[in-house]
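The structure under discussion appears below in the form of structure tokens.
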Amino acid sequence: GIAKHLLKLIANEAKLAGAGEIIAWSDTRFTTAHAMYKRQGFTQLPQQRELHDPSNTVEYCFAKRNF
């Protein structure tokens, strides 16, 4: 419930700021987070990024419009 609440707060602030889109990056290993983003109306985009960190992190990109 905390993540869902935080996303609502972010969406409210983005709307107040006039943003048209919210972008979220998530480690490829965080499948529970990916499902939550999708339930909250985010779309997984084809972009990925490698962080070149000690954990060999690769992230997926999620976006939400019309919030």
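The values are calculated or read from the model by the stated rules, or taken from the named source; none is laboratory data. Being a predicted model, the structure only gives us computed values, none of them experimental. A quick note on method: Cβ atoms are made from the backbone with ideal geometry, for glycine too, and the neighbour counts reach across all protein chains shown. Accessible surface is based on the protein model in full, side chains and every heavy atom, while ligands, DNA and RNA are left aside. Shrake-Rupley method; radii C 1.70, N 1.55, O 1.52, S 1.80 Å.
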*Report the residue count in the range 5-27 for those that are loosely packed, with under 12 Cβ neighbours inside 10 Å, within 26 Å of residue 57 (Cα to Cα) and in contact with a helix residue (DSSP H, G or I) (Cβ under 9 Å, 6 or more places away or on another chain).*
1
*Residues of the range 28-40 being loosely packed, with under 15 Cβ neighbours inside 10 Å and either within 26 Å of residue 13 (Cβ to Cβ) or touching a Cys at 6+ places or on another chain (Cβ under 6 Å) (or both), which ones?*
30, 32, 35, 38, 39
*Could you give every pair whose Cβ atoms fall below 9 Å, whose first residue belongs to the range 11-38 and is farther than 22 Å from residue 50 by Cβ, and whose second residue is part of a loop (DSSP other than H, G, I, E, B) and open to solvent by less than 30 Å² (accessible area, probe 1.4 Å), counting only separations of at least 6 or pairs across chains?*
22/42; 36/42
*Considering only the range 44-67, state which residues are open to solvent by less than 80 Å² (accessible area, probe 1.4 Å) and not hydrophobic (A, V, I, L, M, F, W, C).*
44, 53, 55, 57, 59, 60, 64
*Return the only residue of 24, 33 being closer than 19 Å to residue 1 by Cα and touching a Ser or Thr at 6+ places or on another chain (Cβ under 6 Å).*
33
